[in-house]
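The structure under discussion appears below in the form of structure tokens.
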Amino acid sequence: MHETSIVNSIMRTLEQEFEAEKLNKMKAIHLKVGILSNIEPRLLYNAYSAYHLTYPRYQHVELHVESTSLKIQCDVCDHITDVKQYRFICEKCERPSKNVIQGEEMLIHKVEFED
């Protein structure tokens, strides 16, 4: 399950970005995960729960995962289209496009801290 290594990487990133005092006040981590990112949110939650068995320090921190839709930007007319049923066709000019602008990402979108 590669979600375990993703959770470890997320926590390492946060530990590099914030001082220990700030991390102790962390309340929630918000992620954005694209549907083409090859990350299953349910498995990510499971991996996050398992992470607490080894590192109970962050047990109080909630994890929120938002799935992002798949969007393309047309190379011809520059129109942005929400991809439905994996049809990578511009809804304006009806030409195919492989220019994915959303849906492949896994981002730490927001981190909440106690006041």
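Tilt of helix 3-17 relative to the longest C-alpha principal axis of the chain, in degrees (0 to 90, nearest 10)?
70 degrees
Counting Lys and Arg as +1 and Asp and Glu as -1, each charge on the Cβ, what is the dipole of the chain about the Cα centre in debye, to the nearest 20?
It comes to approximately 300 debye.
Quickly work out the Asn99-to-Leu53 label distance, labels modelled 7 Å from Cα along the C-beta direction, and quote it in nm with one decimal.
4.7 nm
Out of the DSSP beta bridges found with both residues in the chain, what percent are antiparallel (nearest 5)?
Around 65 percent of the beta bridges assigned by DSSP in the chain are antiparallel ones.
How much length is gained on full extension from Leu43 to Arg87, taking 0.36 nm per residue of separation minus their Cα-Cα distance?
13.2 nm
Heavy atoms only, 1.4 Å probe, whole protein assembly: order Ile89, Ile35, Ile10 by accessible area, highest first.
Ile35, Ile89, Ile10
How far apart, in nm, are two points set 7 Å out from the Cα along the Cα-to-Cβ line at Ser9 and at Glu66?
Label at Ser9, label at Glu66, 2.1 nm between them.
How much of the calculated P(r) for the chain lies past 26 Å, in percent of all Cα pairs?
34 percent
Please report how many Lys pairs in the chain have alpha carbons closer than 26 angstrom, counting only residues at least 8 apart along the chain or sitting on separate chains.
Number of lysine pairs found: 14.
Work out the charge dipole of the chain with +1 on the Cβ of Lys and Arg and -1 on the Cβ of Asp and Glu about the Cα centre, then indicate which of Ile29, Thr68, Val83 is farthest towards its positive end.
Of the listed residues, the answer is Val83.
Please determine, in degrees from 0 to 90 and to the nearest 10, the orientation of helix 41-54 with respect to the longest principal axis defined by the Cα atoms of the chain, where the helix direction is its Cα long axis.
Orientation of helix 41-54: about 20 degrees from the principal axis.
Out of the GluC sites (Glu not before Pro) in the range 1-55, which ones are loop residues according to DSSP with at most 11 other C-beta atoms within 10 Å?
Glu19
GluC sites (Glu not before Pro) within the range 49-115: which are DSSP loop residues with at most 15 other Cβ atoms inside 10 Å?
Glu91, Glu94, Glu104, Glu114
The values are calculated or read from the model by the stated rules, or taken from the named source; none is laboratory data. Only a predicted model underlies this, so the values are computations on that prediction, with no experimental measurement involved. Cβ: placed from backbone, ideal geometry, glycine included. Neighbour counts: every protein chain shown. These area figures cover heavy atoms from the full protein model, side chains too; ligands, DNA and RNA do not enter into them. Shrake-Rupley method; radii C 1.70, N 1.55, O 1.52, S 1.80 Å.
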